[in-house]
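The values are calculated or read from the model by the stated rules, or taken from the named source; none is laboratory data. Computed from a predicted structure; not experimentally measured. Because the Cβ atoms are built from the backbone with ideal geometry, glycine has one as well, and the counts that use them run over all protein chains shown.
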Amino acid sequence: MKEKQDGITVKKADDFSEWYTQAVIKSEFVDYTSVSGGLAFRPDGYFAWEAIQRATDALFKEAGIQNVYFPMFIPERLLAKEKEHVEGFNPEVAWVTHTGDSKLDERLAVRPTSETIMYDSYSKWVRSWRDLPMRYNQWNSVVRWEFKHPTPLLRSREFLWNEGHTAFATREEADAERDVILGIYQRILREFLALPGVVGRKTDYEKFAGAEATFSIEHMLPDGKVVQGPDFHSDGQKFAHAFEIKFIDRSGKTEYAYQNTFAISTRELGVMVGVHGDDRGLVMPPRIARVQVVIVPIYNSETMESVLKEAEVLRKRLEGKFRVIVDSRDVYSPGWKFNEWELRGVPIRMELGARELAERKVVLARRDTGEKIGVALGEADAVVGRMLDEIGESMYKRAADFLAKHTHKVKDYAALKDVVEKGAGFAQAHWCGSHDCEAKIKEETGAKASNMPLDAQRGAEGGRCVYCGKPAAHVVNFARSY
């Protein structure tokens with residue numbers, strides 16, 4: 001039987017966009033469907049999302065957040081209740097107008113986000129200070145249809161996420177939630193996706209429609225473009241006024257609730273692929289890999305029985321601790337299997353042949369570095385455990401070093417333009433706070449204000465705006481984005 005290896009045909013450094021598309025499709029992580037911009041998550045891709053979902057959900061529950069579920073259809077009258085919110089989403093909304101041949105009396109929006117349908121219920125459920133805080137979350141999918149050129153996972157017209165929607169009696173309580181939620185997201189990014197990110201506040205122009213303030217974690221991809229990751233929105237009382245979410249406080253006075261919203265989405269899987277993958281395919285962080293260890297038996301007709309038997313013994317010994325399989329398909333050569341599992345990003349490959357069997361050892365190959373080591377069969381469990389931990393830490397460190405190296409502090413507009421035009425990453429600059437300057441920078445360079453890093457704001461004192469030269473109010477990371 002002639003083998004055909006359908007591997008990646010372009011180098012990541014030469015054409016990141018084409019490499020990325022081939023990587024997510026040929027690795028069988030996701031696939032296209034007949035719906036433009038709508039993806040099918042294949043087992044490896046959906047396992048990764050489930051791992052993120054389970055871990056995030058557990059941390060939410062520890063923090064006191066409860067899960068709920070609301071309809072995916074939103075009556076137009078509800079979507080229109082908060083003017084700024086509806087204007088921000090209107091171009092992206094998909095509408096249901098008919099059932100069969102009958103026209104609906106009122107259009108129904110296919111959920112672009114759930115504030116309006118949820119807060120209609122919150123207005124009925126919140127009556128007294130005793131009903132607060134109300135800290136609810138739902139896991140669902142949303143549809144946003146505006147953009148013309150979808151990118152798998154990074155820009156999909158339907159994506160999976162969590163929607164946290166909380167309400168508090170005081171601004172202080174609502175504000176205190178921000179660090180809790182962003183801390184949960186940072187932990188998930190580091191421990192499960194091996195991804196660093198820049199935590200900061202969005203400019204007023206870039207903030208979520210309807211929010212008082214948006215805080216985001218921004219990622220950088222190898223082509224120098226940035227992608228917004230998990231976010232947290234301080235909504236103040238804007239939605240509470242629009243939806244009459246009010247309560248009687250302890251003194252008997254009527255007050256409006258203070259609200260927050262927050263989310264992490266399947267976009268993170270696209271960031272993970274882009275940041276960690278290489279010319280051979282995906283490089284999966286161990287904690288979200290459906291298969292953590294693949295055992296590849298190497299044999300001929302004479303050694304097949306003994307090698308396969310030992311491979312199965314090894315699998316049974318490992319399976320209680322790790323997600324492990326034996327690739328015993330006899331229609332493919334070991335080399336073909338090596339390439340396939342590298343394409344799919346499995347963290348550790350075990351090679352077991354007659355020579356290894358005679359020496360009572362197994363060869364371990366790391367996907368992230370390609371390093372190979374021989375290990376005694378009896379020590380394989382312990383070594384695999386240590387190696388998986390080392391892979392996760394090494395992947396995170398490599399990505400964090402890349403982010404640091406590609407964050408450039410610039411003093412003038414010429415330097416900002418140079419960083420952006422070279423696709424060199426973040427141009428971190430002083431900014432006066434004027435939307436006119438922000439808009440001019442975007443118009444002239446294609447770079448938007450990614451966010452204002454929280455850990456850099458002290459540096460704004462005494463600085464001058466990179467565009468107009470007026471006294472600075474903030475430090476901003478500018479970059480082109482997806």
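Just a few scattered comments:
- Restricting attention to the stretch 341-378, the residues that are in a helix (DSSP H, G or I), out of contact with any Ser or Thr (no Cβ under 8 Å at 6 or more places or on another chain) and closer than 25 Å to residue 301 by Cα add up to 6.
- Unique match (being surrounded by 19 or more Cβ atoms within 10 Å (Cβ to Cβ) and β-branched (Val, Ile, Thr)) among 68, 142, 110: 142
- Matching option when the condition is buried (at least 16 other Cβ atoms within 10 Å of the Cβ), touching a residue at least 60 places away in the same chain (Cβ under 8 Å) and of a type outside the set (Gly, Ala, Ser), among 297, 286: 286
- Residues in the stretch 3-50 that are assigned to a loop (DSSP other than H, G, I, E, B), modelled with pLDDT of 95 or more and surrounded by 12 or more Cβ atoms within 10 Å (Cβ to Cβ): 8, 10, 11, 12, 15, 27, 28, 29, 42.
- The residues of the stretch 458-480 that are within 17 Å of residue 426 (Cα to Cα) and at pLDDT below 95, listed by number, are 459, 460.
- Meets criteria (in a loop (DSSP other than H, G, I, E, B), of a type outside the set (S, T, N, Q) and modelled with pLDDT of 95 or more) for residue 321: yes
- When restricted to residues that are in a strand (DSSP E or B) and either over 28 Å from the mean Cα position of the chain (by Cα) or crowded, with 19+ Cβ neighbours inside 10 Å (or both), the stretch 409-457 contains 12.
- Among the residues of the stretch 399-408, those identified as in a helix (DSSP H, G or I) and free of Cβ contacts under 8 Å to residues at least 40 places away in the same chain are 401, 404, 405.
- For the stretch 68-183, the helices (runs of 4 or more DSSP H) that sit wholly inside it and include 1 or more residues that are among the small types (Gly, Ala, Ser) and closer than 19 Å to residue 228 by Cα are 83-89.
- Residue 142 meets each of the listed conditions (1) in contact with a helix residue (DSSP H, G or I) (Cβ under 9 Å, 6 or more places away or on another chain); (2) modelled with pLDDT of 95 or more apart from (1).
- Matching residues, the stretch 200-220, being β-branched (Val, Ile, Thr) and under 8 Å from residue 451 (Cα atoms): 203
- Selection from the stretch 458-480 of residues that are surrounded by fewer than 15 Cβ atoms within 10 Å (Cβ to Cβ) and either of a type in the set (Ser, Thr, Tyr) or within 29 Å of the chain's Cα centre (by Cα) (or both): 458
- Residues of the stretch 180-230 satisfying the condition of being surrounded by 22 or more Cβ atoms within 10 Å (Cβ to Cβ) and of a type in the set (Gly, Ala, Ser): 194, 197, 200, 210, 211, 216, 229
- Members of the stretch 391-407 that are of a type in the set (S, T, N, Q) and surrounded by fewer than 17 Cβ atoms within 10 Å (Cβ to Cβ): 394
- Residue list for the stretch 97-126, filter: within 17 Å of residue 246 (Cα to Cα) and among the β-branched types (Val, Ile, Thr): 116, 117, 126
- Filter pass, residue 375 being buried (at least 20 other Cβ atoms within 10 Å of the Cβ) and touching a strand residue (DSSP E or B) at 6+ places or on another chain (Cβ under 7 Å): no
- If you filter the stretch 202-242 down to residues that are part of a loop (DSSP other than H, G, I, E, B) and aromatic (Phe, Trp, Tyr), you find that the one that is nearest to residue 123 (Cα to Cα) is 208.
- Selection from the stretch 58-67 of residues that are part of a helix (DSSP H, G or I) and either under 15 Å from residue 165 (Cβ atoms) or not charged (D, E, K, R) (or both): 58, 59, 60
- Of the residues making up the stretch 261-305, those that are in a loop (DSSP other than H, G, I, E, B), within 26 Å of the chain's Cα centre (by Cα) and either under 15 Å from residue 185 (Cβ atoms) or of a type in the set (Asp, Glu) (or both) are 264, 266, 279.
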